[in-house]
Amino acid sequence: MHSTGKSDKKKLIIVGGGAVGLAVATSVKRHGNYDITIFSSDSHAAYSQCGMPFVISGEIKDFQSLILRKKDFFREMGIDLRLNTTVKSLDLEKRTVVTKGEKHHFDKLVIATGGRSAVPDNLKPKDDLKNVFTLRTLEDGMKIDKALESAKNVVIIGGGGIGVEIAIASAKKGVKTLLINRGSSLLSHNIDPDMADIVQEHLESMGVNVITGEAPRALNGEDIVKSVTISEEEFPADTVIISTGTDPEIKLASDAGIEIGITGGIITNEYLQAKTDRGYDQDVYCGGECVQLQNLVTGTPMISQLASTARRMAGVIRNNLVSKPTPFGPIVNPWVGAIGELQVGTVGITSKEAKKHGIDIVSGLATGTTRAGYFPGSTRIFIKLLFSNRILVGAQVIGGEGVKERIDGLSLAIRKKTTLDELLNLETCYTPPLSMLVDPLTFAAQGAHKKIPGSKK
C-alpha cells in the first residue's frame with residue numbers, strides 16, 4: 001500500500017499575493033496535485049485594488065467590503081499563505097526561494113510581483129512627509145481615507161485613471177481638490193485629447209480644479225506637507241496623493257537572471273515562461289503587471305495594468321501547470337473607468353500611439369444619446385473610432401451609461417480585424433429605453449468614411 005501524502009506532490013511556490021498569485025493558487029489546488037506556498041509582502045490578501053477609490057468616495061461602505069477572501073479560506077484549502085513576508089532572492093539553478101532566514105525548495109515557481117508606484121525624482125526628497133501618499137495597497141487606501149476626513153486642501157499629482165477617480169472621491173467628500181497633470185490632457189494613455197476634454201469638463205463641474213501641462217516643482221513642509229509648488233506658485237496642501245504611474249516590480253526576477261524587456265517588464269514566451277540566458281525556463285512562470293506582453297495592433301511590447309488581463313494570465317498559467325499547454329497571445333487591452341457620473345472606455349490604440357508607431361489613421365467621432373431622446377434618464381454618449389487601412393484599430397467611448405458593453409464588442413471587433421465597411425453595415429438593435437434608432441457607432445463609422453479620399457460623401 002503506498003501513501004499519497006505530501007511526498008508525491010510537487011512543490012509550487014508563488015511570489016506575490018495579488019490577482020495572479022491567488023487565482024493561480026486556488027485554481028491549481030482544485031485542478032492539480034501541488035503543495036502550494038504563497039509569499040506576499042502585503043499585509044492583506046485577496047482584495048480588490050480597483051475598488052479602493054470607491055470606498056474613499058463613500059460609494060462602498062468600507063475597506064473590509066473589498067476583502068474577497070479571508071486568510072482562513074486559503075488555510076482551509078490547504079494553501080500556505082504567508083503575508084508580510086518578503087522574498088529576498090531566487091536561485092533558479094538550485095530551485096530555491098530565500099525569505100528572512102529560510103530557504104524553500106520549489107519544483108515550479110510563479111513570479112507575480114506586480115508593480116510599484118513611480119514617484120518623480122524631484123518629489124522624492126520630500127515624499128516621506130506625513131500625509132503624502134501613493135495608492136497601491138489596501139493599507140494605502142485606509143491611510144488616504146483617514147487623512148481625507150480632516151483634510152481641507154488636497155493636491156492629486158497625475159491625471160491617469162487612479163488620479164481622476166481619487167480626485168472625484170475627494171471632491172465628493174467636500175474637500176477642496178486640485179488635480180495637476182504633466183501632460184496637456186487627462187487620461188493620455190487611454191484616450192485622445194478631444195475625448196479628454198469631456199472628462200476634464202466633467203471633473204470641473206464636480207468641483208475639481210484641474211491644471212494640465214504642468215508638473216509640480218516641489219513638495220513643501222518640515223514634518224507634514226504644507227504646500228505644493230507648481231510653476232512659480234505655491235498651492236496649499238495638507239494631503240498630497242501621488243498617482244504618476246506604476247513601474248513593473250522586477251528586481252527579484254532580474255537579480256535571479258531573468259531577462260527584462262524594453263518596457264521594464266519580464267520577458268516570457270507565449271506560455272508565460274521566464275526567459276534566462278539558457279532559454280525559457282519550463283518551471284518558472286510569470287504573470288500580471290510585472291510581465292511584458294505584445295500589443296495586437298502595433299505588434300510591439302507593452303505592459304498591461306488591468307486586473308482583467310492579470311486574471312486571464314492566471315488562467316493560462318494554471319493550465320500550463322496542470323499540463324494543458326495554453327498560449328497567451330497579443331492583447332488589445334480594453335479599459336473602462338467610472339469617473340463621477342461618466343463612464344469612460346477605450347480599447348486598441350489611441351491617436352498618440354498610432355503616431356508613435358508610424359500608423360496612419362482616419363478617425364470618426366459621433367455624439368448621440370444612450371436612449372431615445374424623449375425617454376427619461378437619457379444621457380449623451382461620445383464615440384470615437386480609429387481606422388488604419390480601413391481596419392478598426394482603436395475605439396473610445398464616453399457616456400453616462402452603455403460604455404462597457406460597447407467597448408467589449410469593439411474589443412472583439414479589433415481582434416477580428418473588422419473593416420470600416422463591415423461597421424457601416426453593422427446591424428444594431430433598438431428600443432427607446434435602451435438606445436437610439438441608429439446607434440451612434442454607425443455615425444462614428446460614417447464620419448471616418450467621409451474622410452477617406454475617394455469615398456462617396
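The values are calculated or read from the model by the stated rules, or taken from the named source; none is laboratory data. Just so we're clear, the structure is a prediction, and the values are computed from it rather than from any experiment. Cβ: placed from backbone, ideal geometry, glycine included. Neighbour counts: every protein chain shown.
Going by the conditions given, is residue 206 at pLDDT 95 or above and in contact with a helix residue (DSSP H, G or I) (Cβ under 6 Å, 6 or more places away or on another chain)?
Spelling it out, residue 206 is indeed at pLDDT 95 or above and in contact with a helix residue (DSSP H, G or I) (Cβ under 6 Å, 6 or more places away or on another chain).
I need the full set of residues from the stretch 395-410 which are assigned to a strand (DSSP E or B) and either β-branched (Val, Ile, Thr) or more than 18 Å from the chain's Cα centre (by Cα) (or both), in order please.
Result: 397, 398, 399.
Going by the structure shown, is residue 270 under 27 Å from residue 125 (Cβ atoms), at pLDDT 95 or above and surrounded by fewer than 18 Cβ atoms within 10 Å (Cβ to Cβ)? Steps first, please.
On the way: under 27 Å from residue 125 (Cβ atoms): no; at pLDDT 95 or above: yes; surrounded by fewer than 18 Cβ atoms within 10 Å (Cβ to Cβ): yes.
Taking the combined requirement at face value, the residue does not satisfy it.
For residues that are under 27 Å from residue 96 (Cα atoms) and of a type in the set (Ser, Thr, Tyr), tally how many sit in the stretch 225-277.
The total comes to 4.
Can you work out which of the residues in the stretch 42-84 that are of a type in the set (Lys, Arg) and either without any contact (Cβ under 8 Å) to a residue 24 or more places away in the chain or part of a loop (DSSP other than H, G, I, E, B) (or both) is farthest from residue 27 (Cα to Cα)?
The qualifying residue farthest from residue 27 (Cα to Cα) is 61.
Which residue pairs have Cβ atoms under 7 Å apart, sit 6 or more places apart or on different chains, and have a first residue in the stretch 372-400 that is in the same structural domain as residue 418 (by TED's automatic domain parsing) and a second that is of a type in the set (Asp, Glu) and in a loop (DSSP other than H, G, I, E, B)?
Correct list of pairs: 379/401; 384/192; 388/360; 396/192; 400/341.
Would you confirm whether any residue within the stretch 418-434 is in contact (Cβ under 8 Å) with a residue 60 or more places away in the chain and of a type in the set (A, V, I, L, M)?
Yes, the conditions are met somewhere in the stretch 418-434.
Here's a check for you: in the stretch 164-194, which residue that is touching a Leu at 6+ places or on another chain (Cβ under 9 Å) and of a type in the set (Asp, Glu) is surrounded by the fewest Cβ atoms within 10 Å (Cβ to Cβ)?
Once the filter is applied, the top-ranked residue is 194.
Looking at 234, 204 in this structure, which one is assigned to a strand (DSSP E or B) and free of Cβ contacts under 8 Å to residues at least 60 places away in the same chain?
234 is the lone residue from the list that is assigned to a strand (DSSP E or B) and free of Cβ contacts under 8 Å to residues at least 60 places away in the same chain.
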